[in-house]
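Note sheet for the following structure.
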Amino acid sequence: MKNFTLNDKILGSCRDVKTDGNRLFAIQRHDDYPGGRLCVLDDSGKLLGEYVGIGEARQIEIKNNLAVVTARASGLWIFDIQEDTPKLLSQYKTIEYATGVALYANLALISCRQYGIEVID
């Protein structure tokens, strides 16, 4: 596995990463990046774009030019990732801490810390 670098530094701690084509999408801790961060890197490790302010991000899934991120108390975040800089399309307040997400057809299945799974279409 290749180490990704930003300005000669390793990317840093991440909660989750996904690839889509030749881009890497990483969600980073709110402790390291105030507010939490979704960043997009190319296959050489160059930072292409970012979105700061997603909170305590936990998991990211990518499908059909969308990045879907769970962020505990901040709920579910949906980004358009057609361009290199993520564009926020929507934020959904979940019934409880959003910790995981799976995408199936046109559904987002969100695992909540204690209240099971919330299904959103």
Task: Length gained when the stretch E96-D31 is fully extended (0.36 nm per residue, less Cα-Cα span) - done: 21.3 nm
Open item on the list: Just to be sure I understand: if I project the alpha-carbon convex hull of the stretch 75-121 onto a plane and average over all orientations, what area do I get in nm²?
Closed with: 3.5
Open item on the list: For the chain, take the convex hull of the Cα atoms, compute a quarter of its surface area, and give me that in nm², please.
Closed with: 7.2
Open item on the list: How far apart, in nanometres, would the label points at N22 and I117 be if each is projected 7 angstrom from Cα along the Cα-to-Cβ direction?
Closed with: 3.7
- [ ] Quote to one decimal, in nm, the extra length available between Y104 and D43 on full extension: 0.36 nm per residue of separation minus the C-alpha distance between them.
- [x] 19.2 nm
- [ ] For the stretch 48-61, just list the computed ³J(HN,Hα) in residue order, Karplus coefficients 6.51, -1.76 and 1.60, θ = phi - 60°, integers in Hz, with x standing in for Gly and Pro.
- [x] 9, x, 7, 9, 10, x, 8, x, 7, 4, 10, 8, 10, 10
Task: Most fluctuating residue given options Q82, Q28, Q91, as computed from a GNM of the chain linking Cα atoms under 10 Å - done: Q82
- [ ] Return the single residue from L41, L89, L76 with maximal mean-square fluctuation; model: Gaussian network over the chain, springs between Cα atoms under 10 Å.
- [x] L89
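Rule-based calculations on the coordinates, nothing more; no lab input. Here the structure is a predicted model, which is why all the values come from computation and not from measurement. When we count neighbours, we look across all protein chains shown, and the Cβ atoms used for this are built from the backbone with ideal geometry, even at glycine.
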